[in-house]
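Asker: Quick one: the structure is below, questions incoming.
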Amino acid sequence: MNVGEGAIHLSNSTSGRALLAGNLTGNTTVNGALRVNKEVGGALPGSSANFEFKVGVDTQKGAAAFNNDTRLGKAVDLKAGVHAVNFNGDAY
């Protein structure tokens, strides 16, 4: 599964937001920036934003690749339920 040609965007408010992307049959590739409130790392303090990627029925076999710089900021969480995560850019 290829996700986010361009950017993956969450609109964050005081209640927080989450995006779950799951691919039960193979690997996941994220090609775009992970953005919150139109900014990389733009979550509001005290209101978390969550990006979660799950791969494969048995996550011991799947992989996720992030083909961009990953700058999330303090109030943004990134979870990957996979066997391997590859960052093909800088991770902040």
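Asker: Report, by residue number, each residue of segment 10-44 that is modelled with pLDDT under 65 and at positive phi.
Answerer: Of everything in segment 10-44, those that are modelled with pLDDT under 65 and at positive phi turn out to be G16, G41.
Asker: Could I ask something else about it? Go through (1) assigned to a loop (DSSP other than H, G, I, E, B); (2) modelled with pLDDT under 75; (3) of a type outside the set (G, A, S) for L72 and report which single condition fails.
Answerer: Of everything listed in (1) assigned to a loop (DSSP other than H, G, I, E, B); (2) modelled with pLDDT under 75; (3) of a type outside the set (G, A, S), L72 misses just condition (2).
Asker: Go through (1) at pLDDT 80 or above; (2) surrounded by 14 or more Cβ atoms within 10 Å (Cβ to Cβ) and name the single condition K79 misses.
Answerer: So the condition that K79 fails would be (2).
Asker: Can you pull out every residue in segment 45-65 that is at negative phi and either in a loop (DSSP other than H, G, I, E, B) or modelled with pLDDT under 70 (or both)?
Answerer: P45, S47, S48, V57, D58, T59, Q60, K61, G62
The values are calculated or read from the model by the stated rules, or taken from the named source; none is laboratory data. A quick note: this is a predicted structure, and the numbers were derived from the prediction, not measured. Quick reminder, even Gly has a Cβ in these numbers, built from the backbone with ideal geometry, and neighbours come from all protein chains shown.
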